[in-house]
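Asks: My questions all concern the structure below.
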Amino acid sequence: MRWNKGDHLSLVGTNPRELSTAFSRLLPATAVVPGGREGISYDIHMFCAGAVSIIASSYEGDLTVRFPGLADKNMVIIPLAGSALITVGKRQMLSEGDRGVIADGLLENQIRINGLRKHLCLRISNRELIRRLAVRLNSPIRERLDFAPEIDLSGGAGLGLARLAAMMHSGLADGTLRKSPVALGNLSDAVIELLIEAVPHAYSHELCRSVEPPLPRHVKRAIDYMHANISRVITLDEIADACGVSARTLQGGFREFRMTTPIAYLQHLRLDAARKELLLGELDASVKAVARKWGFAHMGRFSAQYRDRFGEFPSHTIRKIGGGAFDGDK
């Protein structure tokens, strides 16, 4: 491992122990575990640019990289070649093609690679994200941002984020952006603002209320319809009919302007509503009652989805605030 001129870190080699040691200097307790007798190789270049760093990684072989969940960073992983199985907290996701992943550095993360793998990784200060969001909302941020972990890079803001990452990497690698700190700062700002505005997180709804984005009419109608029917079982076709468009058009609108599907967006709204009620700590609240109120009929599925989104079971939320009746959710 060596720090080059211009805050450029290079890691090139074939020894997993050396890679573990190098990673651990950046984040203690990071481990690289080879998966077989075949050798591995890696070629990694990290460029630091204030609140945003970009890492270009190339691996070959069978290996697992385990991160302990001690970094106050969010990582946007953009695949360039090959595939990787990425675990964020308790959730596993396949990253390949146009399927990106956002990893919360405060959760335990793992990247499993077998074969050739290349990706770009945007490493963004969570503290800076919170600061900017607090300014936008004009109120303090008390909970974690909890970005939706999967991101569609095929179009809309996801594609824009991937292009910004490629532009930043290219400009830092050839030195162009180092000669223009204003341009580098503007590019870093664009990455942060796009992430805050376009990727669903715990404060997305408040941000929408604060500054209404230029949504197509059918997407806005769909969101309004979801809010009006949040506790009722509704289908994609029903939402599309209410908006006067086809289901395919509605899917495309949500992919482009909300970087998710309509049903996933509805699920996030319901989970957020359930969490807010559990956090109120009403004495007669129970997990089962809250789940049913917000449209979740299957307790096991609700509990798993809640944990995936917030990193804890609903019963733990009630225990944490010291109120409510626990009726079991695991």
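Asks: How big is the dipole moment of segment 7-104 about its Cα centre under a simple scheme where the beta carbon of each Lys and Arg is +1, that of each Asp and Glu is -1, and everything else is neutral? Debye, nearest 20, please. Write out the running numbers ahead of the final one.
Replies: Working: 8 positive and 10 negative charges, 69 e Å.
Computed charge dipole of segment 7-104: roughly 340 debye.
Asks: Now for a different question. Between Leu106 and Ser24, what FRET efficiency comes out of the Förster formula 1/(1 + (r/R0)^6) with R0 = 25 Å and r the beta carbon distance, rounded to 0.05?
Replies: Given R0 = 25 Å and the Cβ-Cβ separation, E is 0.90.
Asks: Relative to the longest principal axis of the C-alpha atoms of the chain, give the angle of the C-alpha long axis of helix 247-257, reported between 0 and 90° and rounded to the nearest 10°.
Replies: Orientation of helix 247-257: about 50 degrees from the principal axis.
Asks: If you don't mind, there's one more thing I want to ask. Per residue, what accessible area does the chain have, given a 1.4 Å probe and all protein chains present, in Å²?
Replies: 49 Å²
Asks: So, one more: Got a sec? Charge dipole of the chain, +1 on Cβ for Lys and Arg, -1 for Asp and Glu; which of Ala162, Gly97, Val287 is way out at the positive end?
Replies: Val287
Asks: Quote the charge dipole size of segment 148-212 about the Cα centre in Debye, to the nearest 20; the model charges only the Cβ of Lys and Arg (+1) and of Asp and Glu (-1).
Replies: Rounded to the nearest 20 debye, it is 320 debye.
Asks: How much length is gained if the chain between Arg136 and Leu236 is pulled fully straight, taking 0.36 nm per residue apart and subtracting their Cα-Cα distance, in nm to one decimal?
Replies: Difference between extended and current length: 32.8 nm.
Asks: Here's another thing I want to ask about it. With all distinct Cα pairs included, what does the Kirkwood hydrodynamic radius of segment 73-185 come out to in Å, to one decimal, could you say?
Replies: 15.4 Å
Asks: Please give the charge dipole size of the chain, origin at the Cα centre, charges +1 on K and R Cβ atoms and -1 on D and E Cβ atoms. Round to the nearest 20 debye. Can you show the working numbers first?
Replies: Numbers: 43 positive and 35 negative charges, 77 e Å.
Here the size comes out at about 360 debye.
Asks: With angles folded into 0 to 90 degrees, how steeply does helix 126-137 sit against the dominant principal axis of the chain? Use alpha carbons for both and round to 10.
Replies: 40 degrees
Asks: Here's a follow-up. Give the Rg/Rh ratio for segment 233-311, taking Rg as the radius of gyration of the Cα atoms and Rh as the Kirkwood radius, to two decimals.
Replies: On the way: Rg = 14.5 Å, Rh = 13.8 Å.
Here Rg/Rh amounts to 1.05.
Asks: Given a cut-off of under 8 Å on Cα pairs at least six residues apart, what relative contact order in percent is computed for the chain?
Replies: It rounds to 12 percent for the chain.
Asks: How much length would be gained if the chain were fully extended between Leu280 and Val33, taking 0.36 nm per residue of separation minus their Cα-Cα distance, in nm to one decimal?
Replies: Taking Leu280 through Val33 to full extension adds about 84.6 nm, to one decimal.
Asks: I'd like the orientation of helix 262-280 relative to the chain: the angle between its Cα long axis and the longest Cα principal axis, in ° from 0 to 90, rounded to 10.
Replies: For 262-280 against the chain, the angle is about 70 degrees.
Asks: Percent relative contact order of segment 142-282, based on C-alpha pairs within less than 8 angstrom and at least six residues apart?
Replies: Relative CO of segment 142-282 lands at 28 percent.
Asks: Volume per residue, Å³, of the convex hull around the alpha-carbon atoms of segment 1-112?
Replies: 100 Å³
Asks: Report the label-to-label distance for Ala297 and Met167 in nanometres (one decimal), using points 7 Å from each Cα along the Cα→Cβ vector.
Replies: About 4.7 nm separates the two model spin labels.
Asks: A follow-up question, please. How far is it, in nm, from the label point at Ala81 to the one at Arg248 when both lie 7 Å from their Cα along the line to the Cβ?
Replies: 3.4 nm
Asks: Under the rule of -39500 (n - 2.57) per DSSP H run of 4 or more residues, summed and divided by the residues of the chain, what mean residue ellipticity at 222 nm is obtained, to the nearest 500 deg cm²/dmol? Mind showing how you got there, number by number?
Replies: Values: 12 runs with 143 residues, N = 330.
The helix-only estimate for the chain comes to -13500 deg cm²/dmol at 222 nm.
Asks: Of His8, His119, which has the most accessible area with a 1.4 Å probe, and how do the rest follow in descending order?
Replies: In descending accessible area the options line up as His8, His119.
Asks: Please state the Cα pair-distance histogram of segment 170-251 with 10 angstrom bins from zero: what percent is in each bin?
Replies: Taking every Cα pair in segment 170-251, the percentages come to 15, 31, 25, 15, 12, 2.
The values are calculated or read from the model by the stated rules, or taken from the named source; none is laboratory data. Computed from a predicted structure; not experimentally measured. Quick reminder, even Gly has a Cβ in these numbers, built from the backbone with ideal geometry, and neighbours come from all protein chains shown. These accessible areas exclude ligands, DNA and RNA; they are computed on the full protein's heavy atoms, side chains included. Shrake-Rupley method; radii C 1.70, N 1.55, O 1.52, S 1.80 Å.
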